[in-house]
Amino acid sequence: MTDRLSGYRILILETREEAQFSRLLSEQGADVLQCPMFAIHDAPDPAPVEAWIRRFIEKPCDDLVLMTGEGLRRLMKVARRTGCDADFVAALGKARKFARGPKPGRALREIGLEPQVTTEKPTSEGIAEMLSSVDLRGHRLGLQLYPDKDHTTLIGAITAQGAEVEPVLPYVYDAKAADANIVIAIEEMAAGKVDTMALTSSGQVRRLFEVAKAHGSEPRLREGLAKTPIASVGPVVADELKLHGLHADISPANDAYFMKPLISAMAVALAKAPPRMAAR
């Protein structure tokens, strides 16, 4: 059925791939309330990224860990700008590639490559667990990082296995411009105008509370969250919610931590009551 979310108003906090999430929800008939949380920009200093790409071309790493699809796309953007994209893709093809979940795999396929291994758990801990079973002694390992995350533990776990880690951070977040969007979303929840809030990353939770505190809206946020069921894509988001004294009301079945199973779980949960706006 393509209308199983018809009439339900679902708040999504837009980060990396929420355009796809919004489309999938709309296809199910949902009224999607989109709240941009920040913009993504290239690293402000391109020199370290360009140097990392040059080193990778001159001497490809034995292994490459891709944490996000966005990261690989940003690296390819730099490679194209500097005219070395064909050489970079060729060098990437020589490395054993580990993907943190399905999104980096999709980005690799865009340039004609495939990951050799994809984590079952799309988390930094999942990457560390997967690499713990691999012999990395004497290897050079390229590690694509993402912003707003302390990667010290992961890097330490890799170096403890005898590998030399070459990290690169190809993009940054710009959050300031989106504060007004988030305050409006908080007020919509507090007014009881949202059927559920769907979360797909732990950074969304942190950002929500950071903005609420900065604007004196944390009481309204907690008031709104008390009225609004929270849908969480997986355990990383659920753990972040716990840090704020919250819990996920809706989660995908069978540990399927992806958008479509999350949408299915929301459809099942929301069908137990009529849409809030229809009841007004």
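Take the alpha carbon gyration tensor of the stretch 164-273, find the square roots of its eigenvalues, order them as a ≥ b ≥ c, and report rounded if a/c is under 1.5; if not, report prolate when a/b exceeds b/c, else oblate. Intermediate results must be reported in sequence, preceding the final value.
Details: a/c = 2.02, a/b = 1.09, b/c = 1.87.
Verdict is oblate for the stretch 164-273.
Can you work out the Karplus-derived ³J(HN,Hα) for every residue in the stretch 113-128? Use 6.51 cos²θ - 1.76 cosθ + 1.60 with θ = phi - 60°, whole Hz, and x for glycine or proline.
After applying 6.51 cos²θ - 1.76 cosθ + 1.60, I find 10, 9, x, 7, 9, 10, 5, 6, 9, x, 9, 4, 5, x, 5, 4 Hz.
So what's the back-of-envelope 222 nm ellipticity for the chain, counting only DSSP H runs of four-plus at -39500 (n - 2.57) apiece and dividing by all residues, rounded to 500? Before the final figure, lay out each step's value.
Values: 12 runs with 126 residues, N = 280.
It comes out at -13500 deg cm²/dmol, rounded to the nearest 500.
Please tell me which of these pairs span more than 32 angstrom C-alpha to C-alpha: K77/K260; K149/K260; K97/K227?
Working: K77/K260 29 Å; K149/K260 26 Å; K97/K227 44 Å.
From K77/K260; K149/K260; K97/K227, over 32 Å: K97/K227.
Could you please state, rounded to a whole Å, how far the C-alpha centre of the stretch 29-92 is from the C-alpha centre of the stretch 168-195?
25
Which parts of the stretch 260-275 would a label at S6 reach, counting a residue when its backbone N lies under 18 Å from a point 7 Å out along Cα-to-Cβ?
264, 267-275, by backbone N distance to the label point.
Can you compute the modelled spin-label distance between R81 and I40, with each label point 7 Å from Cα toward Cβ, in nm?
1.5
Could you work out how far apart the two model spin labels at I111 and K59 are, taking each label as a point 7 Å from the Cα in the direction of the beta carbon, and quote it in nm?
Taking the two extended label points, one gets 2.1 nm.
Only the coordinates and a few stated rules stand behind these numbers; no lab work does. Please read all numbers here as calculations on a predicted model, not as lab measurements. Every residue, glycine as well, gets a Cβ built from its backbone with ideal geometry; the counts of neighbours run over all protein chains shown.
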